[in-house]
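Structure first, commentary second.
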Amino acid sequence: MKVYRNLSEFKPLERAVVTVGTFDGLHRGHQVLLDRIKSIAVNDGGESVLLTFFPHPRLVLFPDDNDLRLLTTLEEKIELLESSGIDHLIIHPFTVEFSRTTVSEYVRDILVKGIGVRKLVIGYDHHFGRNREGSLENLRAVAPNYGFEVEEIPARMIDDVNVSSTKIRNALSEGDVARANGFLGYPYTLTGMVVKGNEIGRSIGFPTANVEPADPVKLIPGNGVYAVKVHYGDALYHGMANIGKRPTVVKNTGRRVIEVHIFGFSSDLYGKKLRLTFHGRIRDEIKFEDVGALKEQLEKDAAAARKIVVDSAYAD
């Protein structure tokens, strides 16, 4: 897959088979669209193209809206698309100026002149252009004038996989990573840097790495203890993660922390990047009577986490 960080870097193709969208999470519904453009490209001797945007349009158009949480960072999205089998990924900068692109400008300058579209595949609820004024009807009306075809993926095909980004966000917020993974088709991922912690875990035999998410708008699963796999460099480890406020060892704080204990690992990780994949939820975060009771529970959690990651349906 070739990656372009601006439409201006892309040389228009003779037979571009295109889909467009933010594709946050790259879930099983999105995969329906990607599979379709790949299939058409193979059958028609063309090349598959995904046009997406960065930053997410809502972050640009509504900068004071602090509620948006994304399922994938740009780096994660690129990695997922690498394995999807499409030929070209165009990541065009989304700006306020770009948001004012009219429907006619969008079709003429972006799809036709910029990409060389011959077949456009879109979801049943696709809108584009200034104020999202563009629709399927607009595209079908102008497509013959520019020599391309439009194919809509019907609601039935998307609904058959029974998935949406909203459903995934809700499942993750509730801590139901198993349900979210089923929607995604892969284990939910969180990438971040290891920062200094209070090292209480080390004192009870469960050293942890405090992970600061790489993207401040990345969605963090609900508070609780999870079975995870940990990617560090080229190595893969098993472990367990706690997300929450650590009520047993820290008092009077509202700050949520992500701590991961890596089984059989003891090296210094400060300043290093880790990638966690979530494979199951073990329990709620609770306050214990004392550190001894916490340690006893962590032993049980570790046994549960080991079983979950070994039995996981998802390979990393």
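The values are calculated or read from the model by the stated rules, or taken from the named source; none is laboratory data. All values reported here derive from a predicted model rather than from experimental measurement. Every residue, glycine as well, gets a Cβ built from its backbone with ideal geometry; the counts of neighbours run over all protein chains shown.
In region 71-88, is there at least one residue being farther than 20 Å from VAL3 by Cα and modelled with pLDDT of 95 or more? Among the residues of region 71-88, at least one is farther than 20 Å from VAL3 by Cα and modelled with pLDDT of 95 or more, which makes the answer yes.
Would you point out which residue out of TYR314, TYR237 is touching a strand residue (DSSP E or B) at 6+ places or on another chain (Cβ under 7 Å), in a loop (DSSP other than H, G, I, E, B) and either surrounded by fewer than 21 Cβ atoms within 10 Å (Cβ to Cβ) or outside the structural domain of LEU184 (by TED's automatic domain parsing) (or both)? Only one candidate passes the filter, namely TYR314. Of all residues in region 1-21, those being outside any strand (DSSP E or B) and farther than 21 Å from SER83 by Cβ number 10. Could you check region 79-100 and list, in sequence order, the residues that are of a type in the set (Val, Ile, Thr) and buried (at least 16 other Cβ atoms within 10 Å of the Cβ)? ILE86, ILE90, ILE91 - these are the residues of region 79-100 that are of a type in the set (Val, Ile, Thr) and buried (at least 16 other Cβ atoms within 10 Å of the Cβ).
Given the criteria surrounded by fewer than 16 Cβ atoms within 10 Å (Cβ to Cβ), in a loop (DSSP other than H, G, I, E, B) and not aromatic (Phe, Trp, Tyr), does ASP24 qualify? No, not satisfied. Scanning region 36-70 for residues that are among the charged types (D, E, K, R), loosely packed, with under 15 Cβ neighbours inside 10 Å and either modelled with pLDDT of 90 or more or within 16 Å of the chain's Cα centre (by Cα) (or both) turns up just one, ASP44. Among the residues of region 134-146, some residue qualifies, meaning at least one is of a type in the set (Phe, Trp, Tyr), assigned by TED's automatic domain parsing to the domain that holds VAL42, assigned to a helix (DSSP H, G or I) and touching a Lys or Arg at 6+ places or on another chain (Cβ under 9 Å).
For first residues located in region 167-192 and within 11 Å of PHE278 (Cα to Cα), partners that are charged (D, E, K, R) and in a strand (DSSP E or B) and lie 6+ apart or on another chain with Cβ distances below 9 Å form the pairs GLY175/ARG281; ASP176/ARG281; VAL177/ARG281; ALA178/ARG281; PRO187/LYS229; THR189/ARG275; LEU190/LYS218; LEU190/ARG275.
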